[in-house]
Each structure stands twice: as C-alpha cells, then as structure tokens.
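Let me begin by presenting the structure, written as structure tokens, before commenting on it.
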Amino acid sequence: MKNIMKYKGYWAEIKYSDEDECFCGEIEGLKNDSISFEGTTVKELKKDFKDAIDHYLETCKELKVEPEKQCKGSLNVRLGVELHNKAKMKSIEEKISINELIKNAVSAYLKMN
C-alpha cells in the first residue's frame, strides 16, 4: 500500500510536512490514545514509528491495560434505503445474513484492487 507503514498490527499513513521538512505519521483509529512519530529520513521515520509503538505497548503492559486496536472488527455502514433493501433481498436469496453478504462484498472488492 502506498504511504502506509505497518508494525505489530498497527498502521499509519505517512505524510510529508514541507513546513517542518520531515515525514510524519499518527496511528489512526485510536479513541483514547495517541501515537505519533516523525523523521527527516525514511530510516529515522521507520525507527521512530517502531519505537513509538514499542513504547506504547510497554506502557500498556506496565499499567496493566489492554492496548487499543485500530479496528475492532465491526462498523456501522450507511447504505441508503435502496441499496439496503437490495442487499437484504440478495442475502435472503443467497441464504446468508446481510452481514455475511457485506463481508463477502468487501473481501471481493479488496482482492480486485
């Protein structure tokens, strides 16, 4: 994936700040915690990214709290009435839940792109 770094199950989109002349990123999707990192070179960026996540995980361990995950595995999708009706009818035809239908559609889409 373009401009995305991954480490220990966490990921972040990398951006460049022309003003600060550095690369930067922040782990997205965390509600209660914030993990950000930066570097003037790719090597520095990667090191700071990994160090920031390692520090976060170690702090959680010391505090005996469960580290947050970016994605929980469930989400609320707004389809609109017409698409929702079509999806529900298709799920009935296929004899699967609408949740399974949407999961299959997203899986198929991601394999195509």
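The values are calculated or read from the model by the stated rules, or taken from the named source; none is laboratory data. Note that the coordinates shown come from a computational prediction; the quantities given were computed from them, not determined experimentally. A quick note on method: Cβ atoms are made from the backbone with ideal geometry, for glycine too, and the neighbour counts reach across all protein chains shown.
Which of the residues belonging to the stretch 63-113 are among the basic types (Lys, Arg) and in contact (Cβ under 8 Å) with a residue 12 or more places away in the chain?
As a first pass, look at the stretch 63-113 and keep what is among the basic types (Lys, Arg): 64, 69, 72, 78, 86, 88, 90, 95, 103, 111.
Residue satisfying the conditions is Lys69 alone.
Tell me, please, whether a residue that is part of a loop (DSSP other than H, G, I, E, B), at pLDDT below 95 and among the basic types (Lys, Arg) can be found in the stretch 4-22. First the steps, then the outcome.
Initially, the stretch 4-22 is screened for residues part of a loop (DSSP other than H, G, I, E, B), giving 8-9, 18-21.
With at pLDDT below 95 added as a condition, the list becomes 9, 18-21.
From the residues that got through so far, the ones that are among the basic types (Lys, Arg) too are none.
No, the conditions are met nowhere in the stretch 4-22.
Only residues in the stretch 1-28 that are among the acidic types (Asp, Glu) count as the first member; pair them with residues that are surrounded by 17 or more Cβ atoms within 10 Å (Cβ to Cβ), Cβ under 7 angstrom, at least 6 apart or cross-chain, and list the lot.
What qualifies is Glu13/Gly25; Glu26/Ala12; Glu26/Ile35; Glu28/Ala12.
Here's the yes/no breakdown for (1) farther than 23 Å from Met5 by Cα; (2) touching a helix residue (DSSP H, G or I) at 6+ places or on another chain (Cβ under 9 Å):
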position: Thr40; (1), (2): no, no
position: Tyr56; (1), (2): no, no
position: Glu66; (1), (2): no, yes
position: Gly73; (1), (2): no, no
position: Leu83; (1), (2): yes, no
position: Lys88; (1), (2): yes, yes
position: Glu93; (1), (2): yes, no
position: Leu101; (1), (2): yes, yes
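If I filter the stretch 25-34 for residues that are touching a helix residue (DSSP H, G or I) at 6+ places or on another chain (Cβ under 8 Å) and not in a loop (DSSP other than H, G, I, E, B), do I get at least one hit?
Checked against the condition, which is being touching a helix residue (DSSP H, G or I) at 6+ places or on another chain (Cβ under 8 Å) and not in a loop (DSSP other than H, G, I, E, B), the stretch 25-34 yields at least one hit.
If a residue must be among the acidic types (Asp, Glu) and either outside the structural domain of Thr59 (by TED's automatic domain parsing) or exposed (fewer than 12 other Cβ atoms within 10 Å of the Cβ) (or both), how many such residues does the stretch 18-41 contain?
Within the stretch 18-41, residues that are among the acidic types (Asp, Glu) and either outside the structural domain of Thr59 (by TED's automatic domain parsing) or exposed (fewer than 12 other Cβ atoms within 10 Å of the Cβ) (or both) number 4.
Scan Glu68, Glu44 and give me the residue that is in a helix (DSSP H, G or I), surrounded by 12 or more Cβ atoms within 10 Å (Cβ to Cβ) and either modelled with pLDDT under 95 or acidic (Asp, Glu) (or both).
Glu44
When you go through (1) among the acidic types (Asp, Glu); (2) within 18 Å of Ala12 (Cβ to Cβ); (3) in the same structural domain as Glu26 (by TED's automatic domain parsing) one by one for Glu68, which number turns out not to apply?
That leaves (3) as the condition not met.
Is one or more of the residues making up the stretch 44-63 polar (S, T, N, Q) and on the phi > 0 side of the Ramachandran plot?
No, the stretch 44-63 has no match at all.
What is the residue count in the stretch 43-76 for residues that are β-branched (Val, Ile, Thr) and touching a strand residue (DSSP E or B) at 6+ places or on another chain (Cβ under 7 Å)?
1
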